[in-house]
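> Here it is, the structure, as structure tokens.
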Amino acid sequence: MHRMARMATAGASPSARDRAEFMQMGSEKVLAFYQSWARMWMSALSNYMAFTRSFASAAAAGTSVLSAGLAPVHSKAVANARRLRRR
């Protein structure tokens, strides 16, 4: 929300500080994507046997994989919200 408001107020000519924030936003999204996929892959590997046992185990393992994938995105979003709220 903070960044979207900042983008809206920056308009067609953002300041150097705004451009730096927007570049950081883009690179954080790419990094979070890769971290998310890596954690999901590791979680899937560790839960591999659960997928073969039963549907209930597979559903629990699937939830574990998704939770592992969302963890980096969530932690970065919370950290950014705290950082941007202070300004």
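The values are calculated or read from the model by the stated rules, or taken from the named source; none is laboratory data. Computed from a predicted model, the values in this text were never measured in an experiment. Using ideal geometry, Cβ is built from the backbone for each residue, glycine included, and neighbour counts are taken over all protein chains shown. In case anyone asks, the SASA skips ligands and DNA or RNA and just uses the protein heavy atoms, side chains included. Shrake-Rupley method; radii C 1.70, N 1.55, O 1.52, S 1.80 Å.
> Express the carbon and sulfur contribution to the solvent-accessible surface of the chain as a percent, rounded to the nearest whole number, probe 1.4 angstrom. Don't skip to the answer; put the middle values down first.
Working: 4350 of 6390 Å².
Result for the chain: 68 percent of the exposed heavy-atom area is carbon or sulfur.
> If a/c stays under 1.5 just call it rounded; otherwise compare a/b with b/c (prolate if a/b is bigger, oblate if not). Do that for segment 1-41, with a ≥ b ≥ c from the square roots of the Cα gyration tensor eigenvalues.
Values: a/c = 4.75, a/b = 2.73, b/c = 1.74.
It comes out prolate by the Cα gyration axes.
> Scale the Cα Rg of the chain by the rule-of-thumb value 2.2 N^0.38 Å and send over the ratio, two decimals.
1.50
> Now for a separate question. For a protection proxy built on the mean count of beta-carbon atoms within 10 angstrom, sort 61-68, 19-26 highest first, please.
For the peptides 61-68, 19-26, the packing ranking is 61-68, 19-26.
> Checking understanding here: applying a Kyte-Doolittle mean of at least -1.0 and a length along the axis of at least 27 Å (C-alpha), which whole DSSP H helices in the chain pass?
Helix filter hits for the chain: 16-46, 55-86.
> Right, next: Can you give the accessible area per residue of the chain, in Å², using a 1.4 Å probe? Numbers along the way, then the final one.
Numbers: 6390 Å² over 87 residues.
So the chain comes to 73 Å² accessible per residue, rounded to a whole number.
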